Every structure is written in C-alpha cells, then in structure tokens.
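**Student:** Structure incoming, see below.
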Amino acid sequence: MADITRIGVVGAGQMGAGIAQLAAVNDVDVWLYDTVSEALINAQKSISNNIQRLLTKGQISQATSVDAVKRLHCSSSLEDLHSVDLVVEAIVESEQVKKSLFADLDKIVKSSAILASNTSSISITRLASATSRPSQVIGMHFMNPPPIMKLVEIIRGADTSEDTYCATKCLAERFGKTVICSQDYSGFIVNRILMPMINEAFHTLYTGVATKEDIDTGMKLGTNHPMGPLELADFIGLDVCLSIMKVLQAGLGDDKYAPCPLLVQYVDAGRLGKKRGIGVYDYRDAAAKTRGPPRL
C-alpha cells in the first residue's frame, strides 16, 4: 500500500481537531469535516493557536508552522474527502451513527482508502460490516488529547488486512506515537482495564467508603497515577464512561461491568464532567475565578 499523504478527519471536536493537528504538523494534508460550522471555526482557531504555541516553544520550525496551517482544510461537505488515503472518524460513541457514517464514506472515498475509527470500545468488525471494504476498516484509537498523549491503540477487525494494519501503524508512528495492537474485543486494552477502575471508584463514592477527594488522592499518591479516577472521568466525560461500561457489559456478558447507579444518575442529571462545567466535581466556580470580576 502506498504511503498515506492525505487524510480526512470526521468530527471537529477536541479529538478530531487534535488528530487533524497531528497530521498537519507531520506533513500530511488533512481535510477536517463537521456538519456544524461553528465547530469547524473553533477547531481551526484552536489548531492555529496550538501550532503557534509549538513554534514559540521551539518544538517546530517557522517553516513547519507555516506549512502545517496550509495543510489544514476545513469542510462541511463529506464529498471533499473523496481523494484521501485514510479517514479517521472521531464522532459520537454510537455504533449506529458510526455505521451510518462508514456506509456513506464507503460510497465517497476511493476504493483503496482506509476507514479508521477512533472508537474506544465499539466492535471494529461490526463497523466494517456496514461497508464493502471490511479488509480496509481498522480501529485507530487516539488518547485524549491526541497531540500530547503518546499512545495509539490499533484494533484489527475480523477481516482487517495486514496491509491496512501496516499502513495505519506507520501513520501513527509518523505522528510520533507508540502503537499497541488489540484484538477486537469490547473495550480493547486500555478501556477494558481503565473503565472498570473508574466504575469502581464511583461505587466507592456511592457506598460512602470515602469522599471524592480522598478517593482521588488515594489513587494519585498511593498508585502514582497523575490524575485520580473520578477527576479523570470528568475529563473524559461521564456520558462517555457510561457508554463504554454499557458496551463492556453487553459485549462481554458479565454483570461485573454493570455501570454504577451513581454514574447513571449523574449522566441523567446532565452532570457530564468538565465539558458541562460539572460532573463529580463542580468546575463552574473555578472558571468564574479564572475570569475574574466583571469589568464596570
């Protein structure tokens, strides 16, 4: 398979924008697609600011920064991805929505293109079934935020070819990432281990064993984790954590993966974490303090 020189990224949220930035600064032309124009504007602004920050810190050259900005193309038309070598989807963690997208992309992109999913838990084999090219469908799970986290988890579906795997692995390594490979089982490697730990932290809070602060401090200082599990859940998004736990429970058929009732309650209440200003912790006061008093 030829080298990947052009990619498409579907979804201009934090993950999609981060993946697009990685491509642009590593000499890959990238088309960032989203249906929401405001998301594209925000993503383009964020990527430009991040590239400028890398330049200021001396992590990239002036020439690289100028070239990276030129390599980024934002679009609200899926048809603009017709000539890319690989597409990474970074949309909502819903099997039905992802399948629908892959079915559409299958009709648009060239026959040699790879369809990659940034899913953190959904079966790659089932996503591939929505296309006519299952051998060219693969999981490419970036960690959040993609420009900073060093790991990419690659997941091979039942029909993923060796060429597809090698091309995707080479691209991840070109982005400066360490690659691990998982077989196509619910949760893969990272979330198969991480999410039950987060769920257990919720149970520990739910049953009154300790306060949220002591749970997080215990795991940070007692196991050398950089962030406690409840704080990490807020950062990931409690709705995402809940979705993954449901996938684990259904896919592995074991009730030990049943989501904690407190996690379910928080999501039902709209307490989704940092992106909403409140989750396990309340970030609204901190944001207000950062902004300072209103100007008169």
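**Student:** Restricting to the stretch 63-76, and then to whatever is surrounded by fewer than 16 Cβ atoms within 10 Å (Cβ to Cβ) and either touching a Leu at 6+ places or on another chain (Cβ under 6 Å) or among the hydrophobic types (A, V, I, L, M, F, W, C) (or both), can you tell me which residue is nearest to Ala90 (Cα to Cα)?
**Tutor:** Top of the filtered list is Val69.
**Student:** So, one more: Taking the condition closer than 22 Å to Val28 by Cα, in contact (Cβ under 8 Å) with a residue 60 or more places away in the chain, assigned by the TED database to the domain that holds Glu38 and open to solvent by 30 Å² or more (accessible area, probe 1.4 Å), does Asn144 pass?
**Tutor:** yes
**Student:** How do the helices (runs of 4 or more DSSP H) wholly within the stretch 180-296 filter down when requiring 3 or more residues that are surrounded by 13 or more Cβ atoms within 10 Å (Cβ to Cβ): which remain?
**Tutor:** Helices (runs of 4 or more DSSP H) meeting the threshold: 190-206, 212-223, 229-236, 238-252, 261-268.
**Student:** Now for a separate question. Would you point out the residue of the stretch 155-179, among those that are touching a helix residue (DSSP H, G or I) at 6+ places or on another chain (Cβ under 7 Å) and open to solvent by 60 Å² or more (accessible area, probe 1.4 Å), that is nearest to Thr5 (Cα to Cα)?
**Tutor:** Asp159
**Student:** Leu171 fails exactly one of the following numbered conditions: (1) in contact (Cβ under 8 Å) with a residue 60 or more places away in the chain; (2) among the aliphatic types (A, V, I, L, M); (3) in the same structural domain as Ala233 (by the TED database). What is the number of that condition?
**Tutor:** The number of the failed condition is (3).
**Student:** Related question: Can you confirm whether Ile19 is surrounded by 18 or more Cβ atoms within 10 Å (Cβ to Cβ) and within 24 Å of Lys275 (Cβ to Cβ)?
**Tutor:** Spelling it out, Ile19 is indeed surrounded by 18 or more Cβ atoms within 10 Å (Cβ to Cβ) and within 24 Å of Lys275 (Cβ to Cβ).
**Student:** Can you list residue pairs whose Cβ atoms sit under 6 Å apart, with the first residue in the stretch 98-115 being assigned by the TED database to the domain that holds Ser161 and the second being buried (at least 22 other Cβ atoms within 10 Å of the Cβ) and among the polar types (S, T, N, Q)? Count only pairs 6 or more apart in sequence or on different chains.
**Tutor:** Ile114/Gln136; Ile114/Thr164
**Student:** Going through Ile41, Ile60, Ile47, Ile91 one at a time, which residue ends up being within 30 Å of Cys241 (Cα to Cα) and open to solvent by less than 40 Å² (accessible area, probe 1.4 Å)?
**Tutor:** Step by step, each of Ile41, Ile60, Ile47, Ile91 is checked, and only Ile47 is within 30 Å of Cys241 (Cα to Cα) and open to solvent by less than 40 Å² (accessible area, probe 1.4 Å).
**Student:** Regarding the stretch 130-141, can at least one residue be identified that is under 17 Å from Ala12 (Cα atoms) and crowded, with 19+ Cβ neighbours inside 10 Å?
**Tutor:** Taking every residue of the stretch 130-141 in turn, at least one turns out to be under 17 Å from Ala12 (Cα atoms) and crowded, with 19+ Cβ neighbours inside 10 Å.
**Student:** How many residues, within the stretch 109-128, are surrounded by fewer than 17 Cβ atoms within 10 Å (Cβ to Cβ) and closer than 12 Å to Asp85 by Cα?
**Tutor:** 3
The values are calculated or read from the model by the stated rules, or taken from the named source; none is laboratory data. What you see is a predicted model, and the numbers here were worked out from it, not measured in a lab. Counting neighbours? That spans all protein chains shown, and the Cβs are built from the backbone with ideal geometry, glycine included. Just so you know, the surface numbers come from the protein's heavy atoms only, side chains and all, with ligands and any DNA or RNA stripped out. Shrake-Rupley method; radii C 1.70, N 1.55, O 1.52, S 1.80 Å.
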